[in-house]
1. What is the one condition in (1) surrounded by fewer than 19 Cβ atoms within 10 Å (Cβ to Cβ); (2) in contact (Cβ under 8 Å) with a residue 24 or more places away in the chain that T67 does not satisfy?
2. Report the residue count in region 184-212 for those that are out of contact with any Gly (no Cβ under 9 Å at 6 or more places or on another chain) and under 22 Å from Y288 (Cα atoms).
3. So which residues in region 1-56 are at pLDDT below 95, assigned to a helix (DSSP H, G or I) and under 22 Å from F255 (Cβ atoms), if there are any at all?
4. From the list I335, I279, exactly one residue is under 30 Å from W249 (Cα atoms) and β-branched (V, I, T). Which is it?
5. Please verify whether region 101-123 includes one or more residues that are touching a residue at least 60 places away in the same chain (Cβ under 8 Å), more than 19 Å from Y186 (Cα to Cα) and charged (D, E, K, R).
6. Identify all residues within region 283-313 that are part of a helix (DSSP H, G or I) and either in contact with a strand residue (DSSP E or B) (Cβ under 7 Å, 6 or more places away or on another chain) or polar (S, T, N, Q) (or both); write none if there are none.
7. What are the residues in region 235-282 that are of a type in the set (S, T, Y), within 17 Å of Y218 (Cα to Cα), touching a strand residue (DSSP E or B) at 6+ places or on another chain (Cβ under 8 Å) and outside any strand (DSSP E or B), if any?
8. So, of the residues in region 149-172 that are hydrophobic (A, V, I, L, M, F, W, C) and not in a strand (DSSP E or B), which turns out to be surrounded by the most Cβ atoms within 10 Å (Cβ to Cβ)?
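The values are calculated or read from the model by the stated rules, or taken from the named source; none is laboratory data. Every value quoted in this text rests on a predicted model; they were computed, and no experiment measured them. A quick note on method: Cβ atoms are made from the backbone with ideal geometry, for glycine too, and the neighbour counts reach across all protein chains shown.
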Amino acid sequence: MKARLASLLFILCLLAMNVTPTSFEPALIKGLSFAAWWHGLYSTPEADRSLELLAQTGAEWLALIVTCYQENIHSTEIGCLTGSRTPTDDDLRHAIQVARRLGLKVLLKPHLDLDDDPAHWRGEISFTEESDWQAWFASYSRFIQHYAQLAQAERVEMFCVGVELERTTVREADWREIVSRVRELYHGLLIYAANHSGEEFRIKFWDALDYIGVDAYYPLTDEEDPTVEELEAAWGPHLSRLRGLSARWGRPVIFTEIGYRSLDGTNIAPWDWQAQGPIDLQEQADCYLAFFQTFWRQHDWFRGVFWWAWSTDPDQGGPQDTGYTPHDKPAEAIIREFFQEP
């Protein structure tokens, strides 16, 4: 009886926020990531205009990115550089309010990056001493709870408890404690964004969350100019494994990130944001099309996507840009086709 009452209260809290628990959320999430790495950018008229352009693609969601930092992979203190790189809370509130006016739902997605450790990345954060692990989780808990409180206050529909922290997520009990503390503060839908490297299959706490999140930068072919059919075939093994992961845990899968640069060979290593090469707008568009034609009808277990990424600069993109944004490129037409279909 107590368990039933708790479940009922949880659902009522979600409904009060206009948020629906996963089992009542049949619609596909049509999302784009809205990203800035400097304070103030989310609050500019240019960012407001960029959000208007984002909404015109047919997107119904945005993933709002805020990044805090620790010095290196062995640091135990996490800080938010709100005087420089980290968007302020007011910046986030502004972007959320503009999104609301445009009819967009929001996933608030705090990231943790390294401030002064160019040889490593967040997925390598780890410690040898138990005292350091405990200090790091205490700091991480303070960091993520702050944004959980902001998400609750702003009635955000979904909140991400972590992103690609793959050497930490082996510590199941610590992460269950993180999720439990966030649940006390935030009453919407919860997700974790696992790295595509295999972290998604190693995590043992998916049952504590509402969705399985994957940052899906899977390598597809080893060709620089594959056909759409070859790209779709390359997705086959990944689709099968992810469908099995969803069935194992009884949770739908969302691609919390997926993206391709408009660069020749982008399908080979989609995560490589530093690669050099000739512009290839068509390969980017083909990768988008292959994704949609592979996943967009898998409604029983696949629940949607947040494309990486849309800038606060409304002029970013275009036919001379080799970055991830689909804006003003053939890839944007693919998004519009699938996001705007009935």
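1. Condition not satisfied by T67: (1).
2. 2
3. T22, S23, F24
4. None of the other options fit; the residue is I335.
5. no
6. Across region 283-313, the qualifying residues are Q284, F291, Q293, T294, F295.
7. S262
8. So the residue we want is A151.
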